[in-house]
Amino acid sequence: MSVEVERATVPCTVCGAQVLELRRGRCWDCYRQWAEVRPVGRGAMCAVCNERRRENLRMVEVHNRSLTLCFLCAARTLRLDQVPPTLEGLRSLLRRDRRAVDRRTDGLDSRIFPRERRVGERRDIPRTRHGDTDPAIVLPDFDDLVIEIDDADIEEMELTQVRARPTR
């Protein structure tokens, strides 16, 4: 003998489906669709691995906070049983062990011209937003730039106009 317990449902604000719980006023399907199309800001990078290619980034909600993560870090974060409460905890949990230290041993280098291939960080360090001193990041000074336009440089263009509908 089975006893069915009715639970209170609430309507989704987008599709109107009666569901047991809402996330940001949406059912889980509507929330997933909304989350997938959220745009990522210009200059954004993954909060875990510093990936910068915008086509690989997405916004993910972690502990009621939006984070920019790459698809791989987002997928790994969403599969975690318990997400750490801090960003540093998330980084240390998702960081791959092989990148933490140099794994090369003191074996003989068998290349004809041995040289160090791994110089510096493979992934760029995060940029600071204000007070950048790196000349590659600082924009040139355009205050002295003057653009002169003569009358011959200006073309006449037809503008779209709104007119009354012609009568038949």
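Key figures
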| quantity | calculated |
| --- | --- |
| Which of Glu6, Glu61, Glu88 has the fewest Cβ neighbours within 10 Å, and the rest in rising order | Glu6, Glu88, Glu61 |
| Fewest-first sequence of Leu93, Leu57, Leu108 by Cβ atoms within 10 Å of each Cβ | Leu108, Leu93, Leu57 |
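Bear in mind that the values in this text are calculations on the coordinates, not laboratory data. Just so it is clear, the model here is predicted, and its values are computed rather than measured. A quick note on method: Cβ atoms are made from the backbone with ideal geometry, for glycine too, and the neighbour counts reach across all protein chains shown.
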